[in-house]
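Just so it is clear, none of the values below were taken in a lab; they were calculated from the coordinates. These numbers come from a predicted model, not from an experiment. We place every Cβ from the backbone using ideal geometry, glycine too, and count neighbours over all the protein chains shown.
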Amino acid sequence: MNKNDFFIHETAVMDEPCEIGEGTKIWHFSHIMKNSRIGKKCNLGQNVVVSPDVVLGDNVKVQNNISIYTGVICEDDVFLGPSMVFTNVINPRSAVPRRDQYAKTTVRKGATIGANATIVCGNDIGKYAFIGAGAVVTKAIPDYALVVGNPSRQIGWMSEYGHRLHFDEHNRAQCPESKDFYILKNGQVKKES
């Protein structure tokens, strides 16, 4: 690992071994723990903890005050909003060790998790899904879904550019920014190729 390939603030701690990709920036008071893998061009804000064996893909944006616990995988282009929370044990007790029971959570490519949202472990987030600020996710979220509330509930669909999709009578919608079309079929959204 060549430390000239990425930036780590002097107050941040990086345990070895770990992998940090080229162009990644790690800011004030953050801690990257052993055996974690952080991709290229990521940005980790201040006071971020990346636990052992966590995997972050390329271009992942981690805002301030986030702990990413063992069992979490974030694919490329994921956005984690300020102070959002991951859990990794379903039934934690201080006096009962459960390190062998960490549940896995995968956040798929392009997903956004809003500020102060909570992701209960074992519930994967679909690609390009959008989790609203403060939502509490207690079940798996489909690709392109827009969810809000506690517990979270789906209220719509989002484009890859982060715009809410409005489907016509043919179950077709167009992103106003990218001009891409999406199809809603059998409760799932797919981008037209």
* What order, most packed first, do the peptides 68-74, 92-98, 135-141 have when packing is the mean number of other Cβ atoms within 10 Å of each residue? -> 68-74, 135-141, 92-98
* To do: Return, for the Cα atoms of the range 45-124, the radius of gyration and Dmax in Å, separated by a comma.
  => 12.2, 38
* To the nearest 20 debye, what charge dipole does the chain have about its Cα centre, counting +1 at the Cβ of each Lys and Arg and -1 at the Cβ of each Asp and Glu? -> 480
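How much net charge surrounds Gly71 when only the other residues with a Cβ under 11 Å from the Cβ of Gly71 are counted, with Lys and Arg +1 and Asp and Glu -1?
Net of charged neighbours comes to +1.
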* Arrange the peptides 149-158, 168-177 so that the one whose residues have, on average, the most other Cβ atoms within 10 Å appears first. => 149-158, 168-177
* Structure fact -> When Val147, Val107, Val49 are arranged by how many other beta-carbons sit within 10 Å of their Cβ, fewest first, they go Val49, Val147, Val107
* **Label-point separation, Val96 to Ser83 (7 Å along Cα→Cβ), nm** => 3.0
* Asked: Can you tell which of Val55, Ser30, Ile113 lies farthest toward the positive end of the dipole of the chain, using +1 and -1 charges on the Cβ of basic and acidic side chains (Lys, Arg; Asp, Glu)?
  -> Ile113
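With both bridge residues required to lie in the chain, what share of the DSSP beta bridges run antiparallel, to the nearest 5%? The partial results should precede the final answer.
Numbers: 13 of 48 bridges.
For the chain, the DSSP antiparallel bridge percentage is about 25.
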* Structure fact -> Non-local residues with an amide H under 5 Å from the amide H of Thr118, with H modelled 1.01 Å from N and Pro and chain starts lacking one, are Val85, Ala135, Val136, Val137
* Asked: Which far-off residues, 5 or more places away or on another chain, put their amide H under 5 Å from the one on Met14, with H placed in the peptide plane?
  -> Ile32
* Structure fact -> The whole-number value in µm²/s of the Stokes-Einstein translational diffusion coefficient for the chain, with Rh from the Kirkwood sum over alpha carbon pairs at 10 °C and 1.306 mPa s, is 92
